[in-house]
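Engineer: Sharing a structure, written as structure tokens. Questions coming.
The values are calculated or read from the model by the stated rules, or taken from the named source; none is laboratory data. No experiment lies behind these values; they were computed from the predicted model shown. Reconstructed Cβ throughout: ideal geometry from the backbone, glycine too, with neighbour counts over all protein chains shown. Just so you know, the surface numbers come from the protein's heavy atoms only, side chains and all, with ligands and any DNA or RNA stripped out. Shrake-Rupley method; radii C 1.70, N 1.55, O 1.52, S 1.80 Å.
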Amino acid sequence: MGLFSSVLSRKRGVIFFVVAFMLPLFFVVGVSIDTFSKRQKTTRNLLESNLWLSGRSALDQMETQFIEIENKWLKEEYFSNILLIDSLKQIGTSPDMFLIDQQFQIVYPETAKEKHRYALTYNRSWNSDYRKYMGRAESEELARRSYSKATQHYQTSLGLAKTTQQEALAIEGVARSNMAGQNYQLAIRYYQLLKNEYSQIGNLGGHPYGISAPLQLYTIGTLIGDEVFGPDSLLITYQMIKDGDWLISSSSYFFFKAEFESILKIDIESGESRFERILKFNQFLGNFIIPAIKERSEFSEFNKAVEIKRAYMQTDDAQYLICFKEMQIPRSEKLCFGGICWNLDTVITTIFFSLLADMTAETGLDFLLVNSNNINLSTGEAAQIPEESLTLSFSNIPFPWTLVAIQPGYKKLESDVRIQLIIYGLLVVIIIILMLFGAFVLLRDISRETDSMRLQTEFVHNVSHELKTPLSLIRLYGETLLLKEHLPEADRKEGLQIITKESERLSYMINNILDFSKIEMGRKEFDLKPGNLAEVVINTLNSHRYHFVKKGFIIEEDIDQDIPMVLFDKIAVEGILINLFSNAIKFSNNIKRIMVRLKNKPEVISLMVADNGIGIPANELSNIFNRFYRVKNSADFETSGSGLGLTLVKHVIDAHGWKIDVESTPGQGSIFSIFIPPDANEEGLK
Ligand code: ADP
């Protein structure tokens, strides 16, 4: 046994392997799996903090931008100049602005101010002369129907008038009495005067002359058939009514609008006119905003002048945000509430969507604005909120929405990590398999090494035994012949025969060993010559026949004579035959029969040596050609042998480019067949 094999038995090898390879491997696998799961957790944490930071920053930007715009609109100088507000409101989308005084009366937008603008009554402060003549004129006109007298008195009143209202009333009187007195040309002149110069002044019925005078002119036009005052003349006035040129009450507005439309034969137009919008907004102010402002201003006394207050309004069709603050209107000394009213839809579409689009471009995240009913404000449909998202609320301005920050590629990121994990797992499995395979190969090599060492030791033992037997016989017979000079002739001859035979056996053995060592050193050369195989087989058989017969063997020969010439090394082929014969003898017990057959078949020449000996177990068949190899039970059966014979046979066969095959059944015998291609020429040989 070699040192290595004694130190490292198989069992120890396995333990060594487990300790040296498997434990560190398992450790590495454990650490890697741990690292991967940590990595997954870190990815998620990073994602969440990224979502939080970006989401917060988006919210901050939205709020900041909103506050900026709010401050821009809530400048006091805008509210101090109503005309300026109107011009501001021309610019694109803007909030509706309003101004409310401390008595919670609407200062802007102005409507329905007829009470102090149009609805005039005789005022006691008016000068008495004017009143006197106006009274006379009216009684002439209305009671006596004396229109020319009435006209005179009205004109006198006009001369006495101190205010524009007084003037307008007197002029209206002139116009009206002339119309009644069918003095149409004069009536037209005075109505035109009213229309052009006193348009914003109202009559006693509360209607501005700008509207009532053109209607009177139209009536006169139809009476006298004058096209100049036909329907077309009313168009401009109609448009002015719709634009809110006269701040009349909503009932007056709708009355005049309908009146003009019926004269002008205009179909009721869809859509609101500017004035209708103002009317509506004023109604909205009265119903919603003023109560909200009242409420807010009652509760917060602190820092009134600067602080912007906000209130939400939900109407049937929209949501509004009202921002207002108390302000001192210059030149009025009065504190008012100036404010803006946003339709939240406008805020979202004009400010927030573009801002969120910028944020998406900047951060790569998706942002959704979602209302309290979980509706996505950009699509108007139920919001689809993926798992990898974060929902944030506004902190400074309590907008009734939440912002959802979404990492769009997260699913992919996670699946990438998972794929990596799978690849890594596969790699680990492959490494384990490779290592197991390596360990297996290592163990096999160790055991082979052990086997080969055992075989070599056995070889030395066998060879020395093999050499010793013939040597001691030679020595014994040699000494006998020397000492006993007068031996009978027969004994002497037998002694010499034995010496010859044993020295032949010795030289055969030494040849085998020398051949083997030549082969091992790569120095074995073959002398290939064309020759007659049948001749070689018969000669070899004949030269050993005596030996066979003496051991009690029957030889069955079946040798074709018409074997074609083939190239071979004669001595080497004799060596093959001697080895095969010698094995057949060694490994036969009860049935001592050897069959030698040389057949010339069309494709191949076959040479067969068979016996009825102990046979070879099937699992050993592949080993018997290995050097030093001897089958266990046969070694017990016949101790002599080196395990070299078949190794040499195989080598010679290979060198000739031939094939050898063994068939064997334990207990029944073995057949060694050699196949020789008949056309083997020099190129066909190795
Ligand atoms: P050995 O010197 O042992 O004969 P060989 O190389 O010639 O060495 O043969 C190797 C082994 O093959 C033998 O030890 C034997 O076990 C087996 N063997 C060879 N020929 C035969 C045979 N004809 N019958 C049975 N076993 C055989």
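Engineer: Using per-residue counts of other Cβ atoms within 10 Å, averaged over each peptide, order 239-252, 446-459, 372-385 from highest down.
Structural biologist: In decreasing order of mean packing, 239-252, 446-459, 372-385 become 239-252, 446-459, 372-385.
Engineer: Can you order the peptides 392-398, 659-665 by their average number of other Cβ atoms within 10 Å per residue, highest first? Display every interim value, and only then the final one.
Structural biologist: On the way: 392-398: 13.3, 659-665: 15.3.
Order by mean packing, descending: 659-665, 392-398.
Engineer: Kindly rank 400-411, 431-442, 148-159, 217-228 from highest to lowest mean number of other beta carbons found within 10 Å of each residue.
Structural biologist: Numbers: 400-411: 18.3, 431-442: 12.8, 148-159: 20.2, 217-228: 14.6.
Highest mean packing first, the order is 148-159, 400-411, 217-228, 431-442.
Engineer: Placing +1 at every Lys and Arg Cβ and -1 at every Asp and Glu Cβ, with all other atoms neutral, what dipole size does the chain have around its Cα centre, in debye to the nearest 20? Spell out each step's value before the answer.
Structural biologist: On the way: 72 positive and 83 negative charges, 275 e Å.
Once rounded to the nearest 20, the dipole reads 1320 debye.
Engineer: Report in % the part of the accessible area of the chain that belongs to carbon and sulfur, leaving out ligands and nucleic acids; probe 1.4 Å. List each step's numbers first, then the result.
Structural biologist: Working: 21280 of 38300 Å².
Carbon with sulfur: 56 percent of the solvent-accessible area.
Engineer: Say a paramagnetic label sat at a point 7 Å from the Cα of D267, along Cα to Cβ; which residues of the range 227-248 have their backbone N under 15 Å from it?
Structural biologist: Label zone hits: none.
Engineer: Moving on to the next point. In square nanometres, what is one fourth of the surface area of the convex hull spanned by the alpha carbons of the chain?
Structural biologist: 65.2 nm²
Engineer: Report Rg(Cα)/(2.2 N^0.38 Å) for the range 395-437, keeping two decimals. Numbers along the way, then the final one.
Structural biologist: Values: Rg = 21.6 Å, N = 43, 2.2 N^0.38 = 9.2 Å.
Computed over Cα atoms of the range 395-437, the ratio equals 2.35.
Engineer: Can you compute the FRET efficiency between L25 and D317 using 1/(1 + (r/R0)^6), with r the Cβ-Cβ distance and R0 = 51 Å? Round to the nearest 0.05.
Structural biologist: Numbers: r = 71 Å, r/R0 = 1.39.
Efficiency at R0 = 51 Å is approximately 0.10.
Engineer: A further question on this structure: Put a dot 7 Å past each Cα toward the Cβ at N371 and R454; how far apart are the dots in nm?
Structural biologist: 9.0 nm
Engineer: Give me the distance in nm between label points sitting 7 Å out from Cα along the Cα-to-Cβ direction at L413 and S250, one decimal.
Structural biologist: 5.4 nm
Engineer: On the full set of protein chains, 1.4 Å probe, figure out the accessible area of M313 and give it in Å² to the nearest 10.
Structural biologist: Looks like 20 Å² after rounding.
Engineer: Here's something else I'd like to know. So how do T237, T163 rank on accessible area, 1.4 Å probe, biggest first, that is with the largest at the start? Walk me through the numbers on the way to the answer.
Structural biologist: Values: T237 5, T163 50 Å².
Sorted descending by solvent-accessible area, the residues read T163, T237.
Engineer: Round to a whole angstrom and tell me the spacing of the C-alpha centers of the range 437-481 and the range 166-243.
Structural biologist: 146 Å
Engineer: Probe of 1.4 angstrom, ligands and nucleic acids ignored: what's the accessible area per residue over the chain, in square angstrom? Could you put the intermediate results ahead of the total?
Structural biologist: On the way: 38300 Å² over 686 residues.
I get 56 Å² per residue for the chain.
Engineer: Which three extents, in whole angstrom, do the alpha-carbon atoms of the range 371-477 cover along their principal axes, largest first?
Structural biologist: Reported extents, whole Å, longest axis first: 127, 26, 15.
Engineer: Evaluate the relative contact order of the chain (contact order divided by residue number), counting alpha-carbon pairs under 8 angstrom at least 6 apart; express in whole percent. Intermediate results must be reported in sequence, preceding the final value.
Structural biologist: On the way: 843 pairs, mean separation 72.9, N = 686.
Value for the chain: 11 percent.
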